[in-house]
1. Would you pick out the residues in the range B:1-13 that are over 20 Å from residue B:96 (Cα atoms) and either surrounded by 13 or more Cβ atoms within 10 Å (Cβ to Cβ) or more than 12 Å from DNA strand C (Cβ to nearest atom) (or both)?
2. What number goes with the only condition from (1) surrounded by fewer than 17 Cβ atoms within 10 Å (Cβ to Cβ); (2) more than 9 Å from DNA strand C (Cβ to nearest atom); (3) part of a loop (DSSP other than H, G, I, E, B) that residue B:43 does not pass?
3. Among the numbered conditions (1) at the interface with chain A (Cβ under 8 Å from one of its Cβ atoms); (2) part of a loop (DSSP other than H, G, I, E, B); (3) surrounded by fewer than 21 Cβ atoms within 10 Å (Cβ to Cβ); (4) in contact with a helix residue (DSSP H, G or I) (Cβ under 6 Å, 6 or more places away or on another chain), tell me where residue B:61 comes up short.
4. Could you tell me whether the range B:164-179 includes any residue that is within 14 Å of chain A (Cβ to nearest Cβ) and in contact with a helix residue (DSSP H, G or I) (Cβ under 9 Å, 6 or more places away or on another chain)?
5. Assuming residue B:222 fulfils every condition listed in (1) in contact (Cβ under 8 Å) with a residue 60 or more places away in the chain; (2) under 30 Å from residue B:304 (Cα atoms); (3) not in a helix (DSSP H, G or I) apart from one, which condition is it?
6. For residue B:261, which of the numbered conditions (1) within 28 Å of the chain's Cα centre (by Cα); (2) facing chain A (nearest Cβ under 8 Å) fails to hold?
7. What residue, among those in the range B:22-34 that are outside any loop (DSSP other than H, G, I, E, B) and near DNA strand D (Cβ under 8 Å from one of its atoms), is nearest to the other protein chains (Cβ to nearest Cβ)?
DNA sequence: CGCTGTTACTTAACCGGTTCGGCAAGCAGG
DNA sequence: CCTGCTTGCCGAACCGGTTAAGTAACAGCG
């Protein structure tokens, strides 16, 4: 079956290739009658524009790029990414734009990918996630002239357009919630400090905690379940130990819950837990986890819209997407009046090595 | 900064465009000296081939397509997909192939995507996941002449090349494990019956169970945590109830564990649980879940290799990737000698409505 | 020496669109 | 009636590669 090209349409409609192009692209230069005829023929022949040809001449690829610089392992764990990608896709599909998704293992590889894409004219613009402090990608994208929308706080974006959520407000809500329940010693199990969003949330944590008069502890992790579990173990071993823990993602919160229960702690009586993202994970644990919920799919969609309008000539502004919403579930409650030590017989705790 | 094209290389190397193309593509027609000179100039100028131009003339897009016909919601829940995509990417990146990833919400949209891709010459080949019984995609891909590698059993692939894992062997291992522990009443919480792999595992479940002389129960779900939880609740309410449950993914297994614990059941004393995929989820619960483990990233890589060699002219064969590996953790153990009923005071169970 | 065959290149067509310059027809204005 | 402007369309160049066809130089060989 031979490919249908505009040449064929031109032949059948009795006009030139150029006229067909004008007609199909809704551009002036053809009469209404001719345009209608061309469109009808194109419809009949089921013409589909050839992306490569269009890209070659128009210097547009109709593709957006998204690089994820995480290990494949992390990606399987983090419900965030595929949801975000789904949101991006949902917008692109309508516009018949494509998404070039690249999974790399380091920031350097991500930079190399941008260079390559820019040189190949592979993408019209990129979406940048996981902003770092003084992020090297920003300077590179600026130098390459590659249109970009960053996912993260304007403080991190250095003037590039970004879409962000209000971390301070979310942290106020989270800490306000546990403070209202009566908690005074509150810990935060954060992600890696090199991530800008983590830093911003760290600051918001201290600001909000100070104004509420709380006793705060901060632990950094690599966002993994293992480190979330380890951090929780350490926090519970401390004296005095926190009565509420706020996690920076939901995976660590679930791992933390598991550790606490393994040590015999009853959630929420002995310990209140709050997760940051709110995926299904938070609803399948027992008790279910209180979380700072967030519409990740909508976030991806919003970012994509911003990139599209940026290419349409919109000014490169930053946009507040929305604030996370506190969803209270059974993992949060008032602290025990006289905080108990974890001295119930642990049911699944590893046996101490020095047992006779 | 002007784009570097082969025309510029030709000018600087003092040869024609055509000669440059031969040199850069390692094709005969140029002397070793000229080839070296051209390559040096290309290197100096940091030439990168323009994908669109190459695609237009060579009628190759150097892109593989992958359509995921699931709701964005499901995708955020299932650790499988992003891991698989990561595995695919890892192979493609080396070859500087790209991946066109499309997330759609129905099978019809997936079919439409293939049609579009074929018409646009958008992709050189596709990877097809989530095979159905009598899958309509197979006939379409054959008609479109779109090279494809299917992820699933040869019985489902209708002659198209596929990469699969041995479901019967895995099911034998899983049922053998619980049977060896002494379990006799075993349930399977399966995915939707329209998925071919589910059907195959269902059959393997009955075959293996019959030969082991087990008393089997099968429940179908939509793979979601909610339905996994509901199925578990129903199974535990039955009389006699199963002493071991095998779930078709890890999300449902975690949800099932949570439900069982909520009803006061002690895992594994009262109930043995086995998960099918083995993501991080299985290791962060308490107790940790026994699972039929699987290298999903490697699976994605293998499938991609097969598609690459298919395009290189390899015969369209089916390949066994590997068999899932039983990873025994704390969620499996021998059944109680005299099975207890779930009559401990549930700690978080919803209060019965008829309580005075 | 002339014929043939190979090698190393050049030229030009081509992929399927976009876009610019130009031309003819139609119309208004002087 | 002539000029000038607009409208509608054509033809051709162009994007940046690949590749078939053509050609010149040279080697082998009878």
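The values are calculated or read from the model by the stated rules, or taken from the named source; none is laboratory data. Nothing here was measured: the structure is a model prediction, and the numbers come from that model. Because the Cβ atoms are built from the backbone with ideal geometry, glycine has one as well, and the counts that use them run over all protein chains shown.
1. B:1, B:2, B:8, B:9, B:10, B:11, B:12, B:13
2. (3)
3. (3)
4. The answer is no, given that none of the residues of the range B:164-179 is within 14 Å of chain A (Cβ to nearest Cβ) and in contact with a helix residue (DSSP H, G or I) (Cβ under 9 Å, 6 or more places away or on another chain).
5. Going through the list (1) in contact (Cβ under 8 Å) with a residue 60 or more places away in the chain; (2) under 30 Å from residue B:304 (Cα atoms); (3) not in a helix (DSSP H, G or I), residue B:222 breaks only (1).
6. The one condition residue B:261 does not meet is (1).
7. Filtering the range B:22-34 for residues that are outside any loop (DSSP other than H, G, I, E, B) and near DNA strand D (Cβ under 8 Å from one of its atoms), the one nearest to the other protein chains (Cβ to nearest Cβ) comes out as B:24.
Residues are listed down the side, and each one gets a yes or a no for (1) within 7 Å of chain A (Cβ to nearest Cβ); (2) crowded, with 24+ Cβ neighbours inside 10 Å; (3) at pLDDT below 85:
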| position | (1), (2), (3) |
| --- | --- |
| B:70 | no, no, yes |
| B:78 | no, yes, yes |
| B:83 | yes, yes, yes |
| B:88 | no, yes, no |
| B:97 | no, no, no |
